[in-house]
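Student: My structure is below; once you've seen it, I'll send some questions.
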Amino acid sequence: MKGFPVRSAPSETVSEAAKAVARRQAEQLTVVRRRAQPAAVYITRMTLTAVFAYLLALQLPGGSSRSVLAPLTALLVVQATLFNTIRSAVQRVIGVTVGVLAAVAVSAYVPFSWWVLGLLIAGTLALGLMLRLREETLEVPISAMLIFAVDSHAAATSRITETLVGAAAGLAAGLLFAPLRVQPAKDAIGDLADQMADLLGQMADGLADEPDPRRAAEWLDRTRALRGEIERVDDALSQAENSIRLNPRRLRYPNPAAGLRDGVDTLERAATDLRVLARAVADSARLDSGDSPVKDAETRARLAAVITELAASVRVYGRLVETDPEPLDAPEARAEPIADLLEDHLEEAQRQQDRLADLLAADPAERPDGWPLRGEILAHVDRLRSELQPPGPSREALPRGRRLKKLAQPWWTASTLWPSGSRRNTA
């Protein structure tokens, strides 16, 4: 009826809730598909490789329709990366050949018996260790035992030939299907940067009020826990660097993993700076004195502003490291806008840091209790900010006019921070 408002709020609320649920379900399905895809790709790749090796072995003269040595070798040879596949193929061929030749030589002069078998196993194991075959060391005694048991030159020739066929099929599969494992390393780096940024953001939010010593101690514990995440990222990066070795898929890019190692090293140093900063804040929270830096509301607000910008800088730095390098036929740098955003946050952090320095400047004789902690907080904030300079080419080579300012020697440097006889806090 005219003059009465139409109540549509409940229906709109229900509609928004339904859309939100639909979005969450779509995101969950996407995650499930992404997690299932690597397993499906792995199964398909290994199956096709084994079948191809079997069909190839059938074309050999005298090939048996029930022989599965070639597909078995192909399955054992194929590794996660092309470099490992090549190394595994070479080692397996060497191991099989050495084992077969040893068995043929022994069987020509000595009949089969238990003590001869024992000597053959010991000798072939020693040969495998001398040749440094690593995971393929056991292939030497296994091949020797199989050939020594049947005592047939045809079996020896067949084993070597089918091993070569399986290794060739595995190498072909590696050339065609071996993936670049760079994206998992980038995802791990992004996760690490997000965790560090979230922790910094929580520290900034917690400084709105005078932080409880237990809460500050929890921040410190979380910074120490980053050590495990850094090791996980380092493992993922090692796999990524290994996956691009000899991989033809990297030909379109100068180096798909370019900058990742430097980025991880920078985040590792930044995590150390974050830990000592959290230690200084925790010590300040425990200090039962009015000279404590975190007891003053204005100082906390300025410190929170600096940490907020540092949190944004860490997050953007992770995005910058994750950015793919440009193909060789595309000279424009996609990372430049992200680097400019990082520069903006770092410059704002510099401005907030200068204001914080004005508040924390004090005469040690007037405030002896909190003076070392004031210097520590400023030093660690400055070091964390300095670590997050954009990686890659020098900023002087970029077209943008603005550049990050170089710090002059501040008053809180190590030469003046701790007077003689003072005890420096460590994380």
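Student: Could you tally the net charge around Ala74, taking each other residue with its Cβ under 13 Å from the Cβ of Ala74, Lys/Arg +1 and Asp/Glu -1?
Tutor: The answer is +1.
Student: Can I ask one more? What ranking of Leu267, Leu164 emerges when the number of other C-beta atoms within 10 Å of each C-beta is taken as an exposure proxy, fewest first?
Tutor: Leu164, Leu267
Student: Modelling each spin label as a point 7 Å along the Cα-to-Cβ direction, I'd like the Asp234/Asp340 distance in nm, to one decimal.
Tutor: So the label points at Asp234 and Asp340 sit 3.7 nm apart.
Student: Points 7 angstrom from Cα along the Cβ direction at Asp265 and Asp198: gap in nanometres?
Tutor: Label at Asp265, label at Asp198, 2.9 nm between them.
Student: Classify segment 93-164: rounded, prolate or oblate, from the alpha-carbon gyration tensor (a ≥ b ≥ c, eigenvalue square roots; a/c under 1.5 rounded; otherwise prolate if a/b is larger than b/c)?
Tutor: oblate
Student: Could you line up Tyr109, Tyr42, Tyr317, Tyr54 from fewest to most neighbouring Cβ atoms inside 10 Å?
Tutor: With the sparsest Cβ surroundings first, the list reads Tyr109, Tyr42, Tyr54, Tyr317.
Student: Between Ala361 and Asp187, what length comes free when the chain is fully extended (0.36 nm per residue of separation minus the Cα-Cα distance, one decimal in nm)?
Tutor: Stretched fully, the Ala361-Asp187 segment lengthens by 58.5 nm.
Student: Mind giving me the nanometre distance, one decimal, between the label points for Met145 and Thr44, set 7 Å out from Cα along Cα→Cβ?
Tutor: Placing both labels 7 Å along Cα→Cβ, they lie 3.8 nm apart.
Readers should treat all values here as calculations from the given coordinates under stated rules, not as data from a laboratory. This structure is a prediction, so every number in the text was calculated from the model and none was measured. Reconstructed Cβ throughout: ideal geometry from the backbone, glycine too, with neighbour counts over all protein chains shown.
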